[in-house]
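The values are calculated or read from the model by the stated rules, or taken from the named source; none is laboratory data. Model, not experiment: these values are computed from the prediction. In this analysis, Cβ positions are derived from the backbone assuming ideal geometry, glycine residues included, and neighbour counts consider all displayed protein chains. What goes into the accessible areas is simple: the full protein's heavy atoms, side chains included, and nothing from ligands, DNA or RNA. Shrake-Rupley method; radii C 1.70, N 1.55, O 1.52, S 1.80 Å.
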Amino acid sequence: MPRLDPTFTALPLSEMAQAALTRARELGVEHADFRSERVRERLIKLRDGQLDGKNDNENSGISVRVVHEGTWGFAAGVVQTPEAAALLAEQAVQVARISKPINSELVVLAPEPSYGEQVWVSSYEIDPFEPPRDGDPDPVALLTEWSQRLLAADGVDHVDASLQVAKENKYYADTNGTVTTQQRVRVQVEIEAISVDSVTGAFESMRTIGPPAGRGLEYLQGVGWDWEAEIEALPGLLAEKVAAPSVEAGVYDLVIDPSNLWLTIHESIGHATELDRALGYEAAYAGTSFATPDNLGTLRYGSPALNVTGDRIVEHGLSTIGFDDEGVQAQSWDIIKDGTLVGYQLDRRIAQLRGLGGDGSGKGRSNGCAFADSSGHVPIQRMANVSIQPAPDGPTTEELISRVADGLYIVGDKSWSIDMQRYNFQFTGQRAFRIKDGKLAGQVKDFAYQATTTDFWGSLEAVGGPQTYVLGGAFNCGKGQPAQAAPVSHGCPSVLLRAVKILNTVQEAGK
């Protein structure tokens, strides 16, 4: 069991929280919460087997958020003493008082039980920020070895390799009596092999599809992903892509691998079912959503095979946490059931405002989607782990492919675009294989699939079984102004979709 970082717990966390909350109560707030947070990040990059950069960053501080006379107030600082915390409480109340004349909507938070004092630590084995022990991997040495192995293969001219790790420590306390101390670690590895035509300068690339994960450095040793097998396969996949024909534009049946589909879920379902976005509260950064609340319970988001859940509890999920930044306990819930929109992602204010997420009484309850990426930012509604559920006795990926007479099998994420309503989109991938009479028939390139959200998911014929399920995701989901970045995972099985439009990207670029 990983231990809480003693350099964080040595801070006067309880004393600062007590000072801030006591002062906020004295000033007559309806609610106050205190956060002390430290986020450590490390990025290691290699170019052609040589170290290209190694950066370490740390963000640490405290903040106080209040609701005073129905208005938000917030203040943050870097000095971590009880006196500084009490002063931040005064400043947060002052912000609320100044803001009240322009506040057109009283802030009322959905009720949440008090959980007393709680400690939560994510599931990992090797802390990337602690001194290495015997047997722990050396990230630079391992990335160098993988890079050199790829560079020695025919047709590989360059190799980019990177490792990102992060560790979050967060202490939270509120006037409701909830006090949480939490710690989580995450890791992301990317290896990309590049082939360059020495005559034309044209190039092709092939990247690993191992997803980022809520794990430690044990991930580099093959715990949770077979990196050795993927590195071994990369040169052959790249050579096949270089020689592959350009795709013929048209309509195809698609089998999509989880390594590609997670991003389509993120953009067309994850962001679209954030209720603040659907209500128009979030609009300036990447738009609103077509999935508005008047469609709840009636919108046919996709075929009956589509079942989507939100959660903050799945093991190794990037958005997994014990409690959110409003003291709400992590949970799981339905977003799309049998193809119909049935739920949203909520924080306490939005849940109370719309009477959603509760027991049907109309009072509402948050499902734990408030998050701030640092102590200097106010918590906003952020994405949970949004995932498509596999069919309990569903087919393998090979069985899905066998059902296709003429189509494509798409693997790995690459570029994408989507409109400001989360409705019209197109996605590419790392690689695509032609399917002929139920069998793979070599790669094609220059492809993108294009659709509207409801047409795409409406064409979903079958989802794979649990054996095809993979938890993908990203470190850097962006939202808000000032912008905040949040890690999030999306699990899914392999899927079969019928009659999806495929574009030739080279032809489209020439139009």
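When each of the peptides 146-153, 466-473 is scored by how many other beta carbons lie within 10 Å of its residues on average, the order from highest to lowest is 466-473, 146-153.
Overall, the accessible surface of the chain at a probe of 1.4 angstrom is composed of carbon and sulfur to the extent of 51 percent.
Where a ≥ b ≥ c are the square roots of the eigenvalues of the C-alpha gyration tensor, would you call the range 114-199 rounded, which needs a/c under 1.5, or, failing that, prolate if a/b is larger than b/c, or oblate? It is prolate, given that a/c is not under 1.5 and a/b is the larger ratio.
For the peptides 198-208, 213-223, the ranking by packing is 213-223, 198-208, with the highest mean count of neighbouring Cβ atoms within 10 Å listed first. Relative to the longest principal axis of the Cα atoms of the chain, the long axis of helix 227-243 makes an angle of roughly 50 degrees. Using every pair of distinct Cα positions in the range 397-464, the Kirkwood expression returns a hydrodynamic radius of 13.1 angstrom.
Using only the Cα atoms of the range 392-511, build the gyration tensor, take square roots of its eigenvalues as a ≥ b ≥ c, and label the shape rounded, prolate or oblate: rounded if a/c is under 1.5, else prolate if a/b is larger than b/c, else oblate. The shape class here is oblate. Based on the Stokes-Einstein relation at 25 °C and a viscosity of 0.890 mPa s, and on the Kirkwood radius from alpha carbon pairs, the range 321-443 is assigned a translational diffusion coefficient of 136 µm²/s.
Using just the Cα positions, wrap the chain in a convex hull and report its mean projected area in square nanometres, one decimal place. One quarter of the hull surface, i.e. the mean projection, equals 24.8 nm². The trypsin sites (Lys or Arg not before Pro) found in the range 289-375 that occupy coil by DSSP, while having at most 16 further C-beta atoms within 10 Å, are LYS363. Charges were assigned to the Cβ only: +1 to each Lys and Arg, -1 to each Asp and Glu. The resulting dipole of the range 99-246 about its Cα centre is roughly 620 debye.
Per residue, the accessible area of the chain comes to 40 Å² when a 1.4 Å probe rolls over the protein heavy atoms. Its Kirkwood hydrodynamic radius, worked out from the mean inverse distance over all distinct Cα pairs, puts the range 1-99 at 15.2 Å. Against the chain, whose longest principal axis comes from its Cα atoms, helix 139-151 is set at around 20 degrees. The magnitude of the dipole of the chain, with charges of +1 and -1 set on the Cβ of Lys/Arg and Asp/Glu and taken from the Cα centre, is near 1140 debye. Each Lys and Arg contributes +1 and each Asp and Glu -1, all at the Cβ; summed about the Cα centre of the range 52-165, the dipole is approximately 760 debye. Taking a ≥ b ≥ c as the square roots of the eigenvalues of the alpha carbon gyration tensor, the range 34-159 is prolate, as a/c is not under 1.5 and a/b beats b/c. Shape summary: the range 122-279 maps onto an equivalent ellipsoid whose semi-axes, from the alpha-carbon gyration tensor, are 36, 26, 12 Å in decreasing order. Of the peptides 40-47, 447-454, 267-274, the order by per-residue mean of other Cβ atoms within 10 Å, starting with the highest, comes out as 267-274, 447-454, 40-47.
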